[in-house]
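Just below is one structure, and these are the notes that go with it.
Please treat every number below as a calculation from the coordinates, not as lab data. Computed from a predicted model, the values in this text were never measured in an experiment. Because the Cβ atoms are built from the backbone with ideal geometry, glycine has one as well, and the counts that use them run over all protein chains shown.
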Amino acid sequence: MAERLIQPKTISRIVRALATGAVAEKGNVACINLDDGTLVAGAQDANYFPIGWFEESLTGDGATTIGVKLFSEIECAVLVNSSSGPVADDDVGALCYLHSSFEVSMTGTGKSIAGRVWEIVGSGAGAKVAVQMAPGLGLQGPLLVVDT
């Protein structure tokens with residue numbers, strides 16, 4: 001039986017493209033736009049996921065990257081991207097799903113939540129995906145209710 005090397009990764013900052021027209025100000029709240037994986041300034045939007053503080057001030061053009069210091073370090077597991085519904089760069093910040101015991105996918109039908117995508121190295125099947133696993137998100141399974 002094959003054994004896999006456990007590959008943990010700690011992430012304390014992230015560098016991503018700042019969305020076109022987005023205004024980042026150093027020290028203000030940075031969010032990932034869950035629609036496309038770009039960074040945006042904190043605002044009232046259900047698709048904005050707050051992640052940390054902007055490290056500099058910049059107006060976005062959709063391509064220029066900016067650094068964000070995360071609110072706290074994130075412990076991730078590095079898993080393999082599945083060929084079925086593979087994770088893409090614009091999925092950073094979104095939830096992904098277990099495809100096998102070592103692969104993740106964006107296709108969730110009939111699958112368990114693996115966790116939140118924080119980084120992808122490479123593209124397509126076989127790429128390395130850093131995932132904050134579900135227990136770290138408070139998604140540990142069904143709630144047990146005890147009648148007292």
Where does the charge balance sit around residue 129 when Lys and Arg score +1, Asp and Glu -1, over other residues with C-beta under 14 Å from its C-beta? -2
Using the Kirkwood radius over C-alpha pairs as Rh, can you work out the diffusion coefficient of segment 11-72 via Stokes-Einstein at 10 °C, viscosity 1.306 mPa s, in µm² per second? 145
Under Stokes-Einstein, the chain at 37 °C and 0.692 mPa s, with its Kirkwood radius over C-alpha pairs, diffuses with a coefficient in µm²/s of 203
Would you look at the GNM of the chain, springs on alpha carbons closer than 10 Å, and say which of 78, 23, 87 moves the most? 23
Calculate the all-directions average of the projected area of segment 61-122's alpha-carbon convex hull, and give it in nm². 5.2
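Just want the ordering: 31, 96, from fewest to most Cβ atoms lying within 10 Å of their own Cβ.
Values: 31 22, 96 28.
The order, fewest Cβ neighbours first, is 31, 96.
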Starting from the Cα of residue 107, move 7 Å in the Cα-to-Cβ direction to define the label point; list residues of segment 54-96 whose amide nitrogen is under 17 Å from there. 80-88, 96
Straight distance only, please: which aspartates and glutamates reach the Cα of residue 111 with their own Cα at less than 19 Å, same-chain residues fewer than 8 apart left out? 91, 103
Rounded to the nearest 0.05, what FRET efficiency do residue 70 and residue 123 give with R0 = 22 Å and r taken as the Cβ-Cβ distance? Could you check? 0.40
With r as the distance between the Cβ atoms of residue 83 and residue 57 and R0 = 25 Å, compute the FRET efficiency 1/(1 + (r/R0)^6) and round to 0.05. 0.05
Can you give the charge dipole size of segment 11-72 about its Cα centre, rounded to the nearest 20 debye, using +1 on the beta carbon of Lys and Arg and -1 on the beta carbon of Asp and Glu? 240
